[in-house]
Amino acid sequence: MHTTQRQISRALAAGALSVALLSAGTAGALATEAKPTPAPSMSAKPKPKPTPSPSTMASISVKANTTSVHVGDSVTFTGRTKGLRVGWPLVLQHQKGGKWIPLKATTKIKNGSSYSLTAKINSPGTEHLRVSAVGKKVYSPTVTVKVS
């Protein structure tokens, strides 16, 4: 069998191409595994760990118009919210036996992120109350109202 110069050239070109493709694939695989460490520079500051900023965390403030009432009297709770949409429902809760129980007093957040709700207190004693965003784990600080 007689081999021509053209056949030899094709065989060499195919071999060279195969070697080049294998080398490139190996180099690419090694490049993805080896991650170079960036050189420290004087102007680079270390990145802080991401923490929720106060502007992205939801909150509710509350203030009672009085902290001492008689049985059957009403107390008005007012405050502002942050991080909650206008129209979001809020509910007044009282603490009973270590658990927070929702009361019938509800309202929605108004324009300006404010709210107001009124509740009639019918049980004598000390009531621990807070405002909660419905469906979220966002609560106001506790307000204490003495009922006599």
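Derivation of every value follows stated rules applied to the coordinates shown; laboratory data play no part. Quick caveat, the model's predicted, so the values are computed rather than measured. Quick reminder, even Gly has a Cβ in these numbers, built from the backbone with ideal geometry, and neighbours come from all protein chains shown.
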### Task
Determine the sum of side-chain charges near Trp100: Lys and Arg each +1, Asp and Glu each -1, restricted to other residues whose C-beta is under 14 angstrom from that of Trp100.
+4
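Is there a pair in Lys96/Lys137; Lys82/Lys146; Lys108/Lys146; Lys108/Lys137 whose C-alpha atoms are over 24 Å apart, and which pairs would that be?
Over 24 Å apart, Cα to Cα: Lys82/Lys146; Lys108/Lys146.
Rounded, prolate or oblate: which one fits the stretch 49-148, using the alpha carbon gyration tensor with axes a ≥ b ≥ c (rounded when a/c is under 1.5, else prolate when a/b beats b/c, else oblate)?
Here the stretch 49-148 falls in the prolate category.
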### Query
Each label point is 7 Å from the Cα along the Cα-to-Cβ direction; what then is the distance between the points at Lys63 and Thr78, in nm?
0.7
### Residues of the stretch 119-140 with amide N under 11 Å of a point placed 7 Å along Cα→Cβ from Lys96
122-123
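Where Lys and Arg each count +1 and Asp and Glu each count -1, what net charge lies around Val69 among other residues with Cβ under 10 Å from its Cβ?
0
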